[in-house]
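Trainee: Below is a structure I'd like to ask you about.
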């Protein structure tokens, strides 16, 4: 048939590079749209300033559910709906107190109750403080020393980790398990150094968990600067006592909703690409980085596709997940319903590492998945995406691993993330618009090329 | 001789990889030292808060010269000295005024005189405004329309450029040559939209130049938000008049000093590695990003070498250059003296693109230079240095190209740079410590490996 196999090969070659060229042009179009638009940033401003932080069970979370549903409805997406989720309800109560109250020293420490902590009772607790920097040290001191005391966990997050998530991960045990571990030895409460590797005056909250076999004692975060001050004080005066008071408490579970908006696929509408962030947050600050921005980027991805007229082959679904911070019930519910409804899932992307310049994607999946997706890096490299590597796929996506699909996280540079994380410092004005535009564009581009070319 | 060439090869292989491994450990040590130290950031705080911005010819620049000399003297460097440079002296004068003064509208515009502008005279100038967005448009309007008017250059920096320096570069002609170009057609002054691609209320200054063949007219920067407002106004009312007043003027040249500190090389003390930033700045803000940080990073590189006990083979010279912003006389003087003294230069590095996470190095030199230096990228890749590419080597280093050596710039991500550049927004609190630590470490590591292994 082929008289000129060489010419045929040449035609194939040109078709392939033409397709590649067309795809590059589409990606350029995606970046142009994102870099010119102020919509996502303005939506984030509304979410952060008009609504505020969005603790599970709070009125603000309910407001945010309505707001994001309305946003996607106004965009005239093909489908917008709510998915009911039972969510936990913990309240912080009164503004907490944490004060050094030794006879000759009175000093307030920057503090807040850790997420999930019980209260001290309205009268508060006064006790001597003992500092430790590991569970081994706690064990070595034992009941004789610890009983009746407030334990101060002060292991410093190591700033020499290149990835701040590693620094955080290494000391997270203090926050999560410190209270129950100290309670075993009769401690009456714990103070936990904030997990950020930098130095600031913000207490950084976050989830803590109780081992139900021991007494539940109150748990507070101290800012790193306050932790340093307290530690210095303890070096000079051993019998420092501290007064703490919080009225935090657990309430009965309540109802929340994953907020879902879809742009139907042109060719395989039954195959789902999920792009998400979590709408709930801690109650300090405005939860701009964690994870208001991730949610607004997910919606922005759909806006970019619609505005540019790029029609995806598969259905792209933006999901604002519930309850990432406490029990991850939103992610679980989403995967459970996907299973019940026999949905076909193709891959999922999450943005939940704050806003900074995106430098890569991490892919949780088989080696084959990672290799196949990595092939598309050259499309993104001109836009400052330097790597696609095997890694973690995002908290809310974990239960989707049952579908054996790649779970992907966008990776912004993480140098600044823990300056904001779970603290009053996580406010809208700390989010740079251009960095957010780059994140939306990178996610939209990855979705475009994987949907178009397959993996 | 060789009975077992295979074994010999094996030994060579192990020696090579052992050396590589040792170098990796040294680089790890450099990063550890930088990431743990608060010295450079604290020095920058002093420079920005206690001294402030450092316009050529100002008292603050003189103070900064003394301060950095003292810093390096206190570090007990091997040599610390000043290199006299004749520097220009322009003063801003009174706080400028720029106000829309049409009969029914009175509106202040965020403004400042551009660097090098002449004054309006104490009475100021009132004239009608005409908006253009290119020199072609100006030419098309011609003398009939332009004569007696204030020309408003409003070409918007294109936010779709991935590299913000390209967006800036594309519109810089308005600031640099706008006044003389408009003067050709009889304009009485120019207002120039700030060159940043984002939207803010800060007027961004910067150098402008006069073509001496036409009348020198005053030149002002408007913030991008004010430029948008004025443009909107001009669309509805054509005969908008604006009152401007500035008392800027040129004074006679004065004397400044490149500040130089050296750590002598152990093996080739006559061969010089230059690491620099520029100490002068514009007078708005505190010149933290441009280029206080670059100077403090250069000093930090020497501190890291000294503190870790890593002895360089060649002499490393930290240079705080004079007068980058106006006439680049510091860089010229440095190269001139290097020539006169028959110095041997090995390579030079500059940090003058602000503080953000460093992502690469750009190398100005021959292709062989670039390729040879690029070989060392694997040492830096674990620390988030993603590229070493042919590119620009830094303003202050340009005259060193006579030595045919590689001129290297550290490249931080540039998304945020023009939010600060030449504006009141360039303050110490906008510099992130960790990002600065990464920059110092990256520069020190590159110097270490190039000095150790050659290129």
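The values are calculated or read from the model by the stated rules, or taken from the named source; none is laboratory data. These numbers come from a predicted model, not from an experiment. When we count neighbours, we look across all protein chains shown, and the Cβ atoms used for this are built from the backbone with ideal geometry, even at glycine.
Trainee: Among the strands (runs of 3 or more DSSP E) contained in segment B:352-433, which hold 1 or more residues that are more than 14 Å from chain A (Cβ to nearest Cβ) and within 30 Å of residue A:200 (Cα to Cα)?
Mentor: Working: elements: B:358-364, B:387-390, B:407-412.
By residue number, B:407-412.
Trainee: Is it true that residue A:444 is more than 11 Å from every other protein chain (Cβ to nearest Cβ), surrounded by fewer than 22 Cβ atoms within 10 Å (Cβ to Cβ) and touching a residue at least 60 places away in the same chain (Cβ under 8 Å)? Walk me through how you get there before you give the answer.
Mentor: Working: more than 11 Å from every other protein chain (Cβ to nearest Cβ): yes; surrounded by fewer than 22 Cβ atoms within 10 Å (Cβ to Cβ): no; touching a residue at least 60 places away in the same chain (Cβ under 8 Å): yes.
Criteria not met by residue A:444.
Trainee: I'd like the full set of residues that are touching a residue at least 60 places away in the same chain (Cβ under 8 Å) and in a loop (DSSP other than H, G, I, E, B), limited to segment B:208-246.
Mentor: B:208, B:209, B:210, B:216, B:217, B:218, B:223, B:237, B:239, B:240, B:246
To keep it simple, each residue is scored yes or no on (1) surrounded by fewer than 20 Cβ atoms within 10 Å (Cβ to Cβ); (2) within 22 Å of the chain's Cα centre (by Cα); (3) touching a residue at least 40 places away in the same chain (Cβ under 8 Å).
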residue	(1), (2), (3)
B:371	yes, no, no
B:378	yes, no, no
B:383	yes, no, yes
B:389	yes, yes, no
B:394	no, yes, yes
B:398	yes, yes, yes
B:401	yes, yes, no
B:409	no, yes, yes
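Trainee: Answer yes or no: is there a residue in segment A:279-301 that is in contact (Cβ under 8 Å) with a residue 24 or more places away in the chain and more than 27 Å from residue A:419 (Cβ to Cβ). Spell out how you get there, then give the answer.
Mentor: Here is the first cut: in segment A:279-301, the residues in contact (Cβ under 8 Å) with a residue 24 or more places away in the chain are A:279-301.
Remaining after also requiring more than 27 Å from residue A:419 (Cβ to Cβ): none.
No, every residue in segment A:279-301 fails to be in contact (Cβ under 8 Å) with a residue 24 or more places away in the chain and more than 27 Å from residue A:419 (Cβ to Cβ).
Trainee: Does at least one position in segment B:128-135 carry a residue that is over 30 Å from residue B:303 (Cα atoms), away from every other protein chain (no Cβ under 14 Å), under 21 Å from the mean Cα position of the chain (by Cα) and exposed (fewer than 15 other Cβ atoms within 10 Å of the Cβ)? First the steps, then the outcome.
Mentor: Filtering segment B:128-135 down to residues over 30 Å from residue B:303 (Cα atoms) leaves B:128-135.
Adding the requirement that they be away from every other protein chain (no Cβ under 14 Å) leaves B:128-135.
Among the residues that remain, those that are also under 21 Å from the mean Cα position of the chain (by Cα) are: none.
Checked segment B:128-135: no residue is over 30 Å from residue B:303 (Cα atoms), away from every other protein chain (no Cβ under 14 Å), under 21 Å from the mean Cα position of the chain (by Cα) and exposed (fewer than 15 other Cβ atoms within 10 Å of the Cβ).
Trainee: Kindly indicate which of B:187, B:179 is surrounded by 16 or more Cβ atoms within 10 Å (Cβ to Cβ), touching a strand residue (DSSP E or B) at 6+ places or on another chain (Cβ under 6 Å), more than 14 Å from chain A (Cβ to nearest Cβ) and assigned to a helix (DSSP H, G or I).
Mentor: Details: B:187 fails: assigned to a helix (DSSP H, G or I).
That would be B:179, the only listed residue that is surrounded by 16 or more Cβ atoms within 10 Å (Cβ to Cβ), touching a strand residue (DSSP E or B) at 6+ places or on another chain (Cβ under 6 Å), more than 14 Å from chain A (Cβ to nearest Cβ) and assigned to a helix (DSSP H, G or I).
Trainee: Can you name every residue in segment A:332-351 that is in a strand (DSSP E or B) and either without any contact (Cβ under 8 Å) to a residue 24 or more places away in the chain or within 30 Å of residue A:433 (Cβ to Cβ) (or both)? Spell out how you get there, then give the answer.
Mentor: Step one: list which residues in segment A:332-351 are in a strand (DSSP E or B), which gives A:344-350.
Those that are in a strand (DSSP E or B) and either without any contact (Cβ under 8 Å) to a residue 24 or more places away in the chain or within 30 Å of residue A:433 (Cβ to Cβ) (or both): A:347, A:348, A:349, A:350.
Trainee: In the list A:54, A:36, which residue meets the criterion of being touching a helix residue (DSSP H, G or I) at 6+ places or on another chain (Cβ under 9 Å), surrounded by 20 or more Cβ atoms within 10 Å (Cβ to Cβ) and at pLDDT 95 or above? Full working, then the answer.
Mentor: Numbers: A:36 fails: surrounded by 20 or more Cβ atoms within 10 Å (Cβ to Cβ).
One residue alone meets the criteria, A:54.
Trainee: Okay, next question. Of the residues in segment A:261-292, how many are part of a loop (DSSP other than H, G, I, E, B) and at pLDDT 95 or above? Break it down stepwise before answering.
Mentor: As a first pass, look at segment A:261-292 and keep what is part of a loop (DSSP other than H, G, I, E, B): A:264-267, A:279-280, A:282-287.
Applying the additional criterion that residues be at pLDDT 95 or above yields A:264-267, A:279-280, A:282-283, A:285-287.
Residues that pass the stated criteria total 11.
Trainee: On the given criteria, is residue B:144 within 19 Å of residue B:249 (Cα to Cα) and either out of contact with any strand residue (DSSP E or B) (no Cβ under 9 Å at 6 or more places or on another chain) or in contact (Cβ under 8 Å) with a residue 12 or more places away in the chain (or both)?
Mentor: Numbers: within 19 Å of residue B:249 (Cα to Cα): no; either out of contact with any strand residue (DSSP E or B) (no Cβ under 9 Å at 6 or more places or on another chain) or in contact (Cβ under 8 Å) with a residue 12 or more places away in the chain (or both): yes.
When the stated conditions are applied, residue B:144 does not pass them.
Trainee: How about segment B:201-218: which of its residues are within 24 Å of residue B:291 (Cα to Cα) and more than 14 Å from every other protein chain (Cβ to nearest Cβ)?
Mentor: So the first thing to find is which residues in segment B:201-218 are within 24 Å of residue B:291 (Cα to Cα), and the list is B:201-209.
The answer is B:202, B:203, B:204, B:205, B:206, B:207, B:208, B:209.
Trainee: Ok, one more. Condition test on residue A:455, is it more than 14 Å from chain B (Cβ to nearest Cβ), outside any helix (DSSP H, G or I) and more than 21 Å from residue A:20 (Cβ to Cβ)? Spell out how you get there, then give the answer.
Mentor: Working: more than 14 Å from chain B (Cβ to nearest Cβ): yes; outside any helix (DSSP H, G or I): yes; more than 21 Å from residue A:20 (Cβ to Cβ): no.
No; evaluated as a whole, the condition is false for this residue.
Trainee: For segment B:336-351, what are the residues that are in contact with a helix residue (DSSP H, G or I) (Cβ under 6 Å, 6 or more places away or on another chain) and either within 14 Å of chain A (Cβ to nearest Cβ) or under 11 Å from residue B:407 (Cβ atoms) (or both)? Reasoning before the result, please.
Mentor: The initial filter retains those residues of segment B:336-351 that are in contact with a helix residue (DSSP H, G or I) (Cβ under 6 Å, 6 or more places away or on another chain), namely B:345, B:348-351.
Within segment B:336-351, B:345, B:348, B:349, B:350 meet the criteria.
Trainee: Can you confirm whether residue B:42 is more than 26 Å from residue B:207 (Cβ to Cβ), in a helix (DSSP H, G or I) and at pLDDT 95 or above? I'd like the intermediate steps shown before the answer.
Mentor: Numbers: more than 26 Å from residue B:207 (Cβ to Cβ): yes; in a helix (DSSP H, G or I): yes; at pLDDT 95 or above: yes.
In short, yes.
Trainee: Something else now. I'd like the full set of residues that are touching a residue at least 40 places away in the same chain (Cβ under 8 Å), in a helix (DSSP H, G or I) and away from chain A (no Cβ under 14 Å), limited to segment B:45-61.
Mentor: B:47, B:48, B:49, B:61
Trainee: Does residue B:198 meet the test of being within 14 Å of chain A (Cβ to nearest Cβ), assigned to a loop (DSSP other than H, G, I, E, B), crowded, with 17+ Cβ neighbours inside 10 Å and in contact with a helix residue (DSSP H, G or I) (Cβ under 9 Å, 6 or more places away or on another chain)? Before you say what the answer is, go through the steps one by one.
Mentor: Numbers: within 14 Å of chain A (Cβ to nearest Cβ): yes; assigned to a loop (DSSP other than H, G, I, E, B): yes; crowded, with 17+ Cβ neighbours inside 10 Å: yes; in contact with a helix residue (DSSP H, G or I) (Cβ under 9 Å, 6 or more places away or on another chain): yes.
Taking the combined requirement at face value, the residue satisfies it.
Here's the yes/no breakdown for (1) farther than 19 Å from residue A:240 by Cβ; (2) in contact with a helix residue (DSSP H, G or I) (Cβ under 8 Å, 6 or more places away or on another chain); (3) modelled with pLDDT of 95 or more:
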residue	(1), (2), (3)
A:135	yes, yes, yes
A:138	no, yes, yes
A:143	yes, no, yes
A:149	no, no, yes
A:192	no, yes, yes
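Trainee: A further question follows. Yes or no: residue B:258 under 25 Å from residue B:339 (Cα atoms) and either more than 22 Å from the chain's Cα centre (by Cα) or not in a helix (DSSP H, G or I) (or both)?
Mentor: Numbers: under 25 Å from residue B:339 (Cα atoms): yes; either more than 22 Å from the chain's Cα centre (by Cα) or not in a helix (DSSP H, G or I) (or both): yes.
It is true that residue B:258 is under 25 Å from residue B:339 (Cα atoms) and either more than 22 Å from the chain's Cα centre (by Cα) or not in a helix (DSSP H, G or I) (or both).
Trainee: Check segment A:70-89 and report whether any residue there is at pLDDT below 95, farther than 22 Å from residue A:293 by Cα and over 21 Å from the mean Cα position of the chain (by Cα).
Mentor: Within segment A:70-89, none of the residues are at pLDDT below 95, farther than 22 Å from residue A:293 by Cα and over 21 Å from the mean Cα position of the chain (by Cα).
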